Amino acid sequence: MRLPQFEYVAPRTLNEACSLLAEHPNEALPLAGGTDLLVKMKQRRIVPRYVVNLKAISGMDYITYDEKDGLRIGALATIQSLKNSITIKRHCRLLAQAAGVESSVQIRNVATLGGNIANASPAADAPLALIVLGASLVLARSGGQRELLLEDFFVGPGKTVLQSDEIIREVHVPLLPPRSGGAYLKHAVRRTDIAIVSAAVVLTLADDICSSIKIGLGSVAPTAFRARKAEGLLKDKKITEELADAASQAAVQESRPIDDIRGYAEYRAKTVFGITKQAIMDALQDARLGGV
Amino acid sequence: MKQEIRLKVNGQAYTFEVEPWQTLLEVLRENLKLIKTKEGCGVGECGSCAVIMNRKAVNSCLVLAVDADGKEILTAEGLAEDVEYHPFNEALIGQGSMRASSEPPGSKSQHEFFTFCHVCPGHCSVKAIVEDGKVVDIVPDRESGLPNELCPVKKGRFSIPEVLYHPDRLKYPQKRVGARGEGKWERISWDEALNTIAQKLLTLKETYGPESVAFGLGEPKGLEFAFAQRLASVFGTPNVVTPGWCCGIPSGMASTLTYGWNCVPDEEHPPRLMVLWATNNNHTSGGIRRETFERAIDSGAKLIVVDPRKIDVASFSDLWIRLRPGSDGALALGLLKVIVEEKLYDKEFVDGWCIGLDALEKELKTFSMKKVEEVTWVSEEKIREFARLYASIKPATIQWGNALDTSTTAFPGAKAVAILRAITGNLNIPGGEMFLTPAPYLRPGKFFLLSKFPRDRERAVGGEFKLAVRSAFIPPHAFVNSVLTGQPYRIRAGLFLLTNPILSYPDSKKTFEAFMKLDFTVVSELFMTPTAALADILLPAAWGMEHEELGYWPGWYEEIRAYPKLIDPPGEAWADTKWLNELAKRLGLGEYFWESDEEALDDMLKPSGFTYEDMKRKRVLHSKREYKKHDYRTPSGKVEIYSKTASDFGYSPLPYWKEVSILPRLTDEYPLLMTNAKEDVYMLTGYKHVASLRNMKPEPLAEMHPETAKKMGLKEGELIYIETEKGKIMQRLALDDTLDPRIVVTSFGWWFPEERSTLYGWAKSNINVLTRSEPPYDPGIGTVDLRGIPCKVYSAGG
């Protein structure tokens, strides 16, 4: 299947890219890795008049870590680079794990974190992990930028608060307190498939009390989201099996899965219970043993 | 605007001018003819296009050529010597990345079983990986020396584990309660189901005669087709609809009536020239397997591709003939004219072994090359080039595809192609067109008990189609007309297996009406489909790997294969052979069947001296390949350019220009020709439930030339209506400037399992809503135009 035809531009700076998007409102789309955009174009679901290739912009694929500031990742860093990065494995293992189970190696070698986030699939793995890691985004536009929490970025399947002239520039993962642990679980038919249900948990222990917890669920709502009622049942408590059960049940209530080609809503709802509980217990164990 | 790119491929530097929308895959295949990197799904799911770019594995179908600028690429050709096919895929196999199991490979004990993929007639040899009683993967069998290169889109590998365990699999016999199509069912036992069916059929037989019961069959997978034919024979009904009316039989019979056999390209010796006529041997394994095709190309064979679309094999062909859909017969006669009049044929062969050259010469004088150009939309110059190239290189083969059979001119067109093969001296020579001696298994015709219970033309609906009835089927429109009009009498009941007539019979609206009007309908299926939804008794079918099976299809390989049972079917699903066998007993016809359907497996193999158990180890009995000089099983013992036998079946004895040149006219109201191409991702109408396939192609696309779209005010990506006199359907518009501006290429076989309230959207995008069941018909088989139909296109506003 061939791509539809388009006008092509390859700006050398992010500012130029943003200006191009502003110049052609509703007609131009940024191209990062292309593993989502080019697919939708081949399927003729999106047919942009202008394609703005971001890959000529250098210096946007960095992965840096600072002991106070945490992790900063350039939006054009590939998913595979997240999986392989020693920095991420050392300081943010959960992210490496989640990135590592996205799709196939061929896709990961080309797909970018910025594109993965902007595509806004509720099933995306790295973004789900980033939500529970408390990540925030830096969004650039011509002559300025803004920051916001990733968990506030998604508004619906494939829909975000990104303006048509904005481009994701960077992802920031703040430092986690010591004795934080995490877990990422993905339920799919094949290793390379999109998740049917996914769960990510990050929690912090103070003595054996859970001083903070974030529970993220993927593929069971219009967006990846935090199951706050579930979190509320565990915050400031000592996590027991019974509490984990209760939280997982709350997570089921908070989910709004649909029937689709990958699974029935009923099946997904059932799976949310088990996968949430497992993620909570795994994150707990991880925190006890040294952490994220 | 074109961009210049410089890249290294397999160590060599190249510079290209590319459009921004070209992908690296296109550059590799079309500019560099590195054909081991293939397009499967085109959307990065199947991995068939994977290459190494700057030491990273990437899917080249999703890399813009401009993004490969300055990079180093390694393809299969650069990764390994003498590879059968992409070694990169092997590495991915090892990673277990396509296993349908959440456990990592090696965490549970697994067993491997040799078998064949049962999804399409290519039947690639595979190893099924079974873990914990479940098939988790099928991988190419690289050990047995059998054709094993999976289709690039890997539809078997994706669909088999998903279909086997799909939650929507039908598991129990059901009977309709409530109105037909209402969707209210009651679970019943097999006993009740079979007794109900038997009772109904016997009553109908007694009251209206056995011919009031029809069978509707699809493409054979194992022996179920043969069981159903056998049952039809002994029950006494000649009314069996099979796909033969628009697939295989017109071309096959045209060949048989010309040189006494059907033929396939030689796979032992590569041809020096291949014509792919209406087939894409990258995706389809008909006649020439993928490995053979690639070996031939590697050894320098020339390639001519005949197709209205620039399919990928056309991209690296030596000659691409972009013809008008439906004009294949006219093109073939044009080629004959050049070859005969320029005396390019094998004179010795034709003088010694062909009868009818004079009559052909006379016929070829009745039209001009200008006329051929007009009808086929191919320039006279190109037709001459095609003819001269084809005739000048030996050995050469013509691999035909389905489009030759989907037209009212299918028979004369295919006969013209058969004559081309013969007069160029390519019959039964190494590298040419082979007549295969079937492996020694019971001939299907014998299994159907046709000699003991011959099909009665006088009693069949559609009995006027003599060649069809002789080939043990009737065309679907004869069935539909009988039910709707009561002419020549009314068929009252139907048993349907392997088939989805609401999608696959021409004129879906009439087909639907007929199904609503039937007194009694039995459908055996894997899933609920638009046809299954209209059943009175719905039976759950077991699938491949779920029962012991022999497969003799496709007929042109003349071989038979064993498909061992690897796992249990879900619920109470039964193999079709099992319930047909049981039904026969309850109809009082048990003497022609077996105590258990599995006994038939040994019987099928009797002529070989092997038992089915032996076959499970032997796996396949091959046909015999002999370069039998001058063995033409025609009445004259020679190649019959002029065939009197053909006229016995209502055909002209040789193809006449006036037959193949009368094609539907474009009008102001219907200014475009609708055609369609094989859906690479799906197997015909099936598997729309399979997530990994539906992910690759989520909805039907229709392709048109950008200028035509512009004239009609249509934008790429919008939903459009395609309309004929019969009705209208909706598909999404894609533009392709390599198409003739006068055509629209639609997607076949679309229905929507998720749209329950509209009976699965059977009328929404189904191109058979647009086709007709009225005459004109091919006189011997009843074929109707399914491609090249005048239509109009306009926005659906979405």
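The values are calculated or read from the model by the stated rules, or taken from the named source; none is laboratory data. Treat the numbers as computed from the prediction; the structure is a model and nothing was measured. Counting neighbours? That spans all protein chains shown, and the Cβs are built from the backbone with ideal geometry, glycine included. Accessible surface is based on the protein model in full, side chains and every heavy atom, while ligands, DNA and RNA are left aside. Shrake-Rupley method; radii C 1.70, N 1.55, O 1.52, S 1.80 Å.
Provide a single number: the residues in the stretch A:1-23 that are more than 7 Å from chain B (Cβ to nearest Cβ), in a loop (DSSP other than H, G, I, E, B), open to solvent by 10 Å² or more (accessible area, probe 1.4 Å) and of a type outside the set (A, V, I, L, M, F, W, C).
Our first condition is that a residue be more than 7 Å from chain B (Cβ to nearest Cβ); within the stretch A:1-23, this holds for A:7, A:9-23.
Narrowing the set further to residues that are in a loop (DSSP other than H, G, I, E, B) leaves A:10-13.
From what's left, open to solvent by 10 Å² or more (accessible area, probe 1.4 Å): A:10, A:12-13.
The next check asks that each one be of a type outside the set (A, V, I, L, M, F, W, C); those that pass are A:12-13.
Total satisfying the criteria: 2.
Being more than 30 Å from B:Lys624 (Cβ to Cβ) and open to solvent by less than 30 Å² (accessible area, probe 1.4 Å), is that true of even one residue in the stretch B:441-454?
no
This table checks each residue for (1) more than 30 Å from A:Met1 (Cα to Cα); (2) in contact with a Leu (Cβ under 6 Å, 6 or more places away or on another chain); (3) more than 13 Å from chain A (Cβ to nearest Cβ).
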{"site": "B:Cys120", "(1), (2), (3)": "no, no, yes"}
{"site": "B:Arg142", "(1), (2), (3)": "no, no, yes"}
{"site": "B:Ile188", "(1), (2), (3)": "yes, no, yes"}
{"site": "B:Ala198", "(1), (2), (3)": "yes, yes, yes"}
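Matching residues to (1) at positive phi; (2) open to solvent by 40 Å² or more (accessible area, probe 1.4 Å); (3) among the polar types (S, T, N, Q); (4) in the same structural domain as A:Ile261 (by TED's automatic domain parsing):
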site: A:Asp69; (1), (2), (3), (4): no, yes, no, no
site: A:Ala75; (1), (2), (3), (4): no, no, no, no
site: A:Ser81; (1), (2), (3), (4): no, no, yes, no
site: A:Arg93; (1), (2), (3), (4): no, yes, no, no
site: A:Glu102; (1), (2), (3), (4): no, no, no, no
site: A:Val105; (1), (2), (3), (4): no, no, no, no
site: A:Ile117; (1), (2), (3), (4): no, no, no, no
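Exactly one condition in (1) touching a residue at least 24 places away in the same chain (Cβ under 8 Å); (2) assigned to a loop (DSSP other than H, G, I, E, B); (3) surrounded by fewer than 22 Cβ atoms within 10 Å (Cβ to Cβ); (4) of a type in the set (S, T, N, Q) is not met by B:Thr499; state its number.
(3)
Under the condition of being within 14 Å of chain A (Cβ to nearest Cβ) and touching a residue at least 60 places away in the same chain (Cβ under 8 Å), which residue from the stretch B:718-732 is nearest to B:Trp377 (Cα to Cα)?
Checking each candidate, the answer is B:Ile720.
Return the residue satisfying two criteria in turn: it lies in the stretch A:203-215 and is part of a strand (DSSP E or B) and out of contact with any Ser or Thr (no Cβ under 6 Å at 6 or more places or on another chain), and of such residues it is nearest to B:Glu162 (Cα to Cα).
This residue is A:Ile215.
Would you check which residues across the stretch B:770-788 are farther than 20 Å from B:Ser251 by Cβ and either open to solvent by 10 Å² or more (accessible area, probe 1.4 Å) or not hydroxyl-bearing (Ser, Thr, Tyr) (or both) and list them?
B:Leu770, B:Arg772, B:Glu774, B:Pro775
Every residue, every condition in (1) open to solvent by 10 Å² or more (accessible area, probe 1.4 Å); (2) within 14 Å of another protein chain (Cβ to nearest Cβ); (3) in a helix (DSSP H, G or I), yes or no:
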residue	(1), (2), (3)
B:Asn695	yes, yes, yes
B:Ala702	no, yes, no
B:Glu716	yes, yes, no
B:Ala734	no, yes, no
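I want to confirm something. Restricting to the stretch B:744-759 and keeping residues that are out of contact with any helix residue (DSSP H, G or I) (no Cβ under 7 Å at 6 or more places or on another chain) and open to solvent by less than 30 Å² (accessible area, probe 1.4 Å), which single residue is nearest to B:Ser508 (Cα to Cα)?
Looking at residues that are out of contact with any helix residue (DSSP H, G or I) (no Cβ under 7 Å at 6 or more places or on another chain) and open to solvent by less than 30 Å² (accessible area, probe 1.4 Å), I get B:Trp750.
How about the stretch B:657-693: which of its residues are within 14 Å of another protein chain (Cβ to nearest Cβ) and part of a loop (DSSP other than H, G, I, E, B)?
Scanning the stretch B:657-693 gives B:Lys678, B:Glu679, B:Asp680, B:Val681, B:Tyr682, B:Tyr687, B:Lys688, B:His689, B:Val690.
Mind listing just one residue for me: the one in the stretch A:221-267 that is polar (S, T, N, Q) and out of contact with any helix residue (DSSP H, G or I) (no Cβ under 6 Å at 6 or more places or on another chain) and, of those, most open to solvent (accessible area, probe 1.4 Å)?
Restricting to residues being polar (S, T, N, Q) and out of contact with any helix residue (DSSP H, G or I) (no Cβ under 6 Å at 6 or more places or on another chain), the top hit is A:Gln253.
In the stretch B:370-387, how many are free of Cβ contacts under 8 Å to residues at least 40 places away in the same chain and either surrounded by fewer than 17 Cβ atoms within 10 Å (Cβ to Cβ) or over 22 Å from B:Leu673 (Cβ atoms) (or both)?
4
Within the stretch B:22-37, can one find any residue that is under 21 Å from B:Asn281 (Cα atoms), within 14 Å of chain A (Cβ to nearest Cβ), part of a loop (DSSP other than H, G, I, E, B) and not aromatic (Phe, Trp, Tyr)?
Checked against the condition, which is being under 21 Å from B:Asn281 (Cα atoms), within 14 Å of chain A (Cβ to nearest Cβ), part of a loop (DSSP other than H, G, I, E, B) and not aromatic (Phe, Trp, Tyr), the stretch B:22-37 yields at least one hit.
Yes/no matrix, rows are residues, columns are (1) in contact with an Asp or Glu (Cβ under 7 Å, 6 or more places away or on another chain); (2) among the charged types (D, E, K, R); (3) on the phi > 0 side of the Ramachandran plot; (4) at pLDDT below 95:
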site	(1), (2), (3), (4)
B:Ala57	no, no, no, yes
B:Val66	no, no, no, no
B:Ile73	no, no, no, no
B:Ala80	no, no, no, yes
B:Tyr85	yes, no, no, yes
B:Ala91	no, no, no, yes
B:Gln95	no, no, no, yes
B:Arg99	yes, yes, no, yes
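Being among the basic types (Lys, Arg) and free of Cβ contacts under 8 Å to residues at least 40 places away in the same chain is the filter here; which residues of the stretch B:26-81 pass it?
Residues satisfying the conditions are B:Arg55, B:Lys56.
Filter the stretch A:194-216 for residues that are in contact with a helix residue (DSSP H, G or I) (Cβ under 7 Å, 6 or more places away or on another chain) and farther than 20 Å from A:Arg93 by Cβ; which is farthest from the other protein chains (Cβ to nearest Cβ)?
My answer is A:Val197.
Report yes if A:Asn26 is more than 14 Å from every other protein chain (Cβ to nearest Cβ), open to solvent by 70 Å² or more (accessible area, probe 1.4 Å) and within 30 Å of B:Lys2 (Cα to Cα), otherwise no.
No: the conditions fail for A:Asn26.
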